[in-house]
Amino acid sequence: MNILTFVIESVITHYMLIFVVILPAMRKEQSIRKVVIIGLLFFTVKFAFDYISYAIEIRQRERNSSFSSPPILPEDSIGWLLLISYVYVMVTSFSAALLVDWVHKGRERILLEKEKTEAELSALKHQINPHFLFNSLSFIYAKVIKLDRETADSILILANIMRYALGKNVSIDGTVNIMDELEHMKNVIEINQRRHNHRLNIRYDEQIDDQSISIVPLVLITLVENAFKHGDLHDPVHSMRIKINTSVNELSFEISNKKGKGLKELSNGIGLHNIRQQLKLTYGNHSEFLIKESEIHFNVSLKITFPV
């Protein structure tokens, strides 16, 4: 029973210290204050349990012994022995936590590299088709501009959208300037307005105080396209609202639309879930992506704080 109790207590102790105290503190999943309080409460309970268990064992030995024999360890020394053992447990638990965190980060790096390789392979497979379409649109624009100016302008907007999708403006670190992203977003809005004879109800508001900000491309565009695909933009009472602000090292973006009815248009974008994952991998805790949904409206808000 003593051995079984020791094994169970050791497993619980190391599990609590590694996964409830040390790792959450290292990964900043919980505040230091909360972690310290949990650790102190845990060690207080553990100390009381160990001390009482030792005292009970000594009393049982005294009752079962036919002659008086001194205890293995004086009672006034058991407290110090427990404290020393707790320091040893903390050191071993911290070492194990470092190993677990190192393995976890290694798996994340492997997964990220795999996703990056798959994305590059997918982009390579589809590279010929967008280039062909872009060149064809440029050719058609040159032929149509003399006959129909409005149609030619629409073709030019679509060609610019295709050129942006090819990643011509992407820098070495995989980001684009916010002004390029906004220009592309406005092209997407304009081409959709032309498709619907400018009958879509869209309210657009921007305040760009910092034009040097760079972000991951196509994130804002995907959110706008999602509203076009799944929203009802023909109701003047519930228009689609887009608001973007940038300040020093900070970007905020909000979009809301009325939910559409009937069959949903199929989406070939990366999706809201993938956007969340992409933001988490790129910006970590410096991004905030919130989705609010009611019976009528669908709202998405994004906030990114860029490290100085």
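Every number in this text was worked out from the coordinates using simple rules, so none of it is lab data. A quick note: this is a predicted structure, and the numbers were derived from the prediction, not measured. Ideal geometry is used to build each Cβ from the backbone, glycine not excepted, and the neighbour counts take in all protein chains shown.
A few comments on the model shown:
- Nearby aspartates and glutamates by direct alpha-carbon distance to LYS28 (threshold 18 angstrom, same-chain neighbours under 8 apart not counted): ASP101, GLU108, GLU288
- Using alpha-carbon coordinates, inclination of helix 2-15 to the longest axis of the chain, degrees: 30 degrees
- Projecting the Cα atoms of PHE228, LEU156, ILE140 onto the charge dipole of the chain, computed from C-beta unit charges around the Cα centre, puts ILE140 farthest toward the positive end.
- Estimated at 0.36 nm per residue, the fully extended path between ILE110 and LYS34 surpasses their Cα-Cα distance by 24.2 nm.
- In terms of its C-alpha gyration tensor, the range 132-202 comes out oblate, because a/c is 1.5 or above while a/b does not outweigh b/c.
- Helix 219-230 axis, angle to the chain major axis (alpha carbon atoms, nearest 10°): 70 degrees
- Axis of helix 178-195 versus longest Cα principal axis of the chain: the two differ by about 50°, to the nearest ten degrees.
- Scattering curve values for the range 115-258, log₁₀ I(q)/I(0), Debye with Cα scatterers, q = 0.19, 0.21 Å⁻¹: -1.25, -1.33
- Counting only lysines at least 8 places from LYS261 when in the same chain, those with an alpha carbon closer than 17 Å to its own are LYS229.
- Simple point charges give the picture: +1 on the Cβ of Lys and Arg, -1 on the Cβ of Asp and Glu, and for the chain a dipole about the Cα centre of about 680 debye.
- Helix-derived mean residue ellipticity, 222 nm - over the chain, DSSP H n ≥ 4, -39500 (n - 2.57), to 500: -20000 deg cm²/dmol
- Inter-label distance, nm, simple model (7 Å from Cα along the C-beta direction), TYR204/LEU41: 5.3 nm
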